[in-house]
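Notes follow the structure.
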């Protein structure tokens, strides 16, 4: 997983525009406006999840000036969404510049779900909400239910529980490793 010089091999699909900026400037930063443009009417859900990620992830890896949102990368090429025109980048990223987590946990956040210590805790929370006539998505996309919303968002901090183990090369508690990168640097691209 982690290889020479404390780097981690990651794969990321990026558009031609990102690739051209990388070649021109040597570094590229993602912006909120790009997410809004890409996801259009679904952007509210993405902005909710990404906003939380940005706020919390900067405590794991400090966010550099110019960065607004992360780029996504994966340790396994088969997890890379390669739809559209662009480039699959093979990156050797310094381990200290990657926010590392379980892709399945990020999917739960994108679906506005509670992340429990285990499946039974998640089921119990969902059942509690069901008995109140609510579900997680309704809570997270409304301006109501501040107590339940806070519990869900607090549970999302479990996303970062695996950072240190993954950095050390131990993926045993993770389904599949995903990474958030505040930027992509041309120097990280593996020239093959």
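The values are calculated or read from the model by the stated rules, or taken from the named source; none is laboratory data. Predicted model, so just to flag it, every value in this text is computed and none were measured. Neighbour counts are summed over all protein chains in view; Cβ atoms, including those assigned to glycine, are modelled from backbone coordinates with ideal geometry.
Quick grid of which residues meet (1) surrounded by 19 or more Cβ atoms within 10 Å (Cβ to Cβ); (2) at negative phi; (3) in contact with a strand residue (DSSP E or B) (Cβ under 8 Å, 6 or more places away or on another chain); (4) at pLDDT 90 or above:
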site	(1), (2), (3), (4)
51	no, yes, no, yes
55	no, yes, no, yes
59	no, yes, no, yes
64	no, yes, no, yes
68	no, yes, yes, yes
73	yes, yes, yes, yes
77	no, yes, yes, yes
80	no, yes, yes, yes
89	yes, yes, yes, yes
>> Going residue by residue through the range 111-132, is there one that turns out to be within 29 Å of residue 29 (Cβ to Cβ) and assigned to a helix (DSSP H, G or I)?
In response: no
>> Within the range 164-172, does at least one residue satisfy the condition of being farther than 16 Å from residue 9 by Cα and in contact with a helix residue (DSSP H, G or I) (Cβ under 9 Å, 6 or more places away or on another chain)?
In response: yes
> If you check 113, 175, which single one turns out to be in contact with a helix residue (DSSP H, G or I) (Cβ under 7 Å, 6 or more places away or on another chain), under 29 Å from residue 73 (Cα atoms) and exposed (fewer than 12 other Cβ atoms within 10 Å of the Cβ)?
Replying inline: 175
> Among 67, 49, which is touching a residue at least 40 places away in the same chain (Cβ under 8 Å) and assigned to a helix (DSSP H, G or I)?
Replying inline: 49
> When the range 141-159 is examined, which residues are found to be in a helix (DSSP H, G or I), surrounded by fewer than 17 Cβ atoms within 10 Å (Cβ to Cβ) and either touching a strand residue (DSSP E or B) at 6+ places or on another chain (Cβ under 7 Å) or touching a residue at least 60 places away in the same chain (Cβ under 8 Å) (or both)?
Replying inline: 157
> Hey, among 138, 164, which residue is surrounded by fewer than 16 Cβ atoms within 10 Å (Cβ to Cβ), assigned to a helix (DSSP H, G or I), at pLDDT below 95 and more than 18 Å from the chain's Cα centre (by Cα)?
Replying inline: 138
> Would you say residue 102 is crowded, with 18+ Cβ neighbours inside 10 Å and either more than 30 Å from residue 28 (Cα to Cα) or in contact (Cβ under 8 Å) with a residue 60 or more places away in the chain (or both)?
Replying inline: yes
